[in-house]
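Notes for the one structure printed next.
Every number here is computed from the coordinates shown, using simple stated rules; none is lab data. Since we're looking at a predicted model, the values are computed, not measured. Positions of Cβ are backbone-derived with ideal geometry, glycine not excepted, and every protein chain shown enters the neighbour counts.
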Amino acid sequence: MYSLVKPLLFGQDPEAVHDWVMAALAFVGHHRPLLQLIGTFCQIRDPRLETEVFGLKFPNPIGLAAGLDKNAIALPTWSALGFGFVEIGSVTAFAQSGNPKPRLFRLPQDEALINRMGFNNQGATEIAERLRAWREQGGLAVPLGINLGKSKVTPLEEAPRDYLQSLEQLWEYGDYFVLNVSSPNTPGLRQLQDKEKLEELVVGVRGFAQAQPHDKPLLLKIAPDLSWQQIDEILELVERYSIRGIIATNTTVGREGLKTRVNESGGLSGKPLRERSLEVLRYLTQHTPLPIVSVGGIFSVEDVLERLKAGAVLVQLYTGFIYEGPALLLRLNRGLLRHLEQYQTRTLQDFIQGPG
């Protein structure tokens with residue numbers, strides 16, 4: 001079905017299509033019969049796919065990456081489609097419209113996207129209210145992550161206060177939180193990956209989290225464009241201050257190996273990011289015991305298994321979902337179960353740890 005609709009969608013402006021699709025998903029999220037219908041066809045609940053990470057239980061290891069549902073408008077629909085967890089955002093302390101349009105570009109030959117959205121979102125206060133309303137309607141059936149970014153109007157030296165303001169407003173609604181210091185589309189943001197600036201940020205948010213009655217996992221999302229030395233410095237900090245895990249990786253500013261001739265700035269995602277994301281994952285798993293969530297260029301069940309075998313505890317999708325369509329989660333989860341049956345392993349964790 002998606003193969004029939006995709007040419008029509010890809011013939012339209014990418015951001016306009018995104019807005020239409022999100023409006024449709026939000027509509028479904030408010031109508032339980034539609035949710036149940038989609039869940040009947042798309043959702044697989046099988047204990048063999050379950051995993052526990054960060055003290056949270058995930059029905060399967062495949063999640064929605066931040067950036068698609070920035071404002072948490074379609075939460076129940078994602079779990080109905082088969083995602084094992086959902087990450088919203090990036091959310092900033094202040095509402096902001098983001099960068100000038102056009103700011104989202106498809107590269108069909110490369111099965112990739114370039115975006116320079118600029119953290120367009122409705123701000124922590126409004127998103128907190130929406131999450132409260134979702135909770136009153138029954139909440140989310142899978143773990144919810146909240147990805148936090150810096151407001152563009154906030155000077156870099158005041159970034160810790162900005163992140164903390166968002167965290168305070170959203171704390172009660174998220175199951176885990178992500179410090180996004182790696183988007184290439186907010187001026188100066190990646191400087192927060194520098195050792196001194198990152199330490200100041202981590203100390204501030206970690207202190208708040210530890211002071212709460214119930215501590216929650218804090219994760220850090222890093223760029224694929226870091227050197228190994230920079231990654232080593234980040235690892236030393238996150239381990240010292242008890243950051244619970246790393247999401248690797250964000251989009252890249254690199255353009256190596258593209259088939260498409262393009263001269264647009266922004267972060268590149270999709271298949272061209274696959275090898276570098278996998279390379280960073282392997283480096284991280286060799287140099288830290290921290291759980292790693294892998295994202296970047298995941299389109300197939302083979303991609304999922306490769307990341308899990310390389311040491312990822314969970315994976316996330318964004319661009320793959322755009323190119324493969326809403327049935328992707330069904331194919332991926334069915335594919336994981338087929339591999340378990342083929343290798344006669346009882347659970348996904350057994351398969352990952354075994355010789356299969």
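With Cα atoms defining each centre, segment 241-268 and segment 98-159 are spaced 17 Å apart in the structure.
The residue list 39, 148, 105 was ranked by how far each Cα lies along the charge dipole of the chain toward its positive end, using unit charges on Cβ atoms, and 39 comes out on top.
Count the net charge of all other residues whose Cβ sits under 14 Å from the Cβ of residue 172, scoring Lys and Arg as +1 and Asp and Glu as -1. Could the numbers behind the result be given before it?
On the way: positive: 130, 132, 135, 216; negative: 129, 136, 168, 175, 215.
Once positives and negatives cancel, what remains is -1.
Only the Cβ atoms of Lys and Arg (+1) and of Asp and Glu (-1) were treated as charged; on that basis the dipole of the chain about its Cα centre amounts to roughly 720 debye. Ranking 337, 204, 120 by Cα position along the charge dipole of segment 2-353, where only Lys, Arg, Asp and Glu carry charges on their C-beta atoms, puts 337 farthest toward the positive end.
Fully extending the segment from residue 255 to residue 242, taken as 0.36 nm per residue of separation minus the present Cα-Cα distance, adds 1.3 nm. Only helical runs count toward this figure. For the chain, summing -39,500 (n - 2.57) over DSSP H runs of n ≥ 4 and dividing by all residues gives -12500 deg cm²/dmol at 222 nm. In a simple Cβ point-charge model (Lys, Arg +1; Asp, Glu -1; nothing else charged), segment 115-230 has a dipole of about 280 debye relative to its Cα centre.
Per residue, what volume in Å³ does the Cα convex hull of the chain take up? It would help to have the intermediate numbers written out before the result.
Values: hull volume 46.8 nm³, N = 356.
That works out to 131 Å³ per residue.
Farthest toward the positive end of the dipole of the chain, out of 328, 160, 313, is the Cα of 328, where the dipole comes from beta carbon charges about the Cα centre. What percent antiparallel are the DSSP beta bridges of segment 2-353, to the nearest 5? Beta bridges within segment 2-353, antiparallel portion: roughly 30 percent.
Can you tell me the length gained on complete extension of the stretch residue 232 to residue 264, counting 0.36 nm per residue apart and subtracting the Cα distance? Display every interim value, and only then the final one.
Values: separation 32, 0.36 × 32 = 11.52 nm, distance 3.08 nm.
8.4 nm is the gain from fully extending residue 232 to residue 264.
Equivalent-ellipsoid semi-axes (√(5λ), Cα gyration tensor) for segment 68-144, whole Å, largest first?
Details: eigenvalues 126, 70, 11 Å².
Taking √(5λ) for each eigenvalue gives 25, 19, 7 Å, largest first.
Net charge of the neighbourhood of residue 39, taken over other residues with C-beta under 12 Å away and scored Lys/Arg +1, Asp/Glu -1, is +2.
Whats the longest run of the chain with zero GluC sites (Glu not before Pro) that are DSSP loop and have at most 15 other Cβ atoms within 10 Å? Each step should come with its number before you reach the end.
Numbers: sites that count: 172, 256, 264.
In short, 1-171.
Loop exposure criterion: trypsin sites (Lys or Arg not before Pro), DSSP state outside H, G, I, E and B, at most 12 other Cβ atoms within 10 Å. Applied to the chain, the longest stretch between such sites is 46-258.
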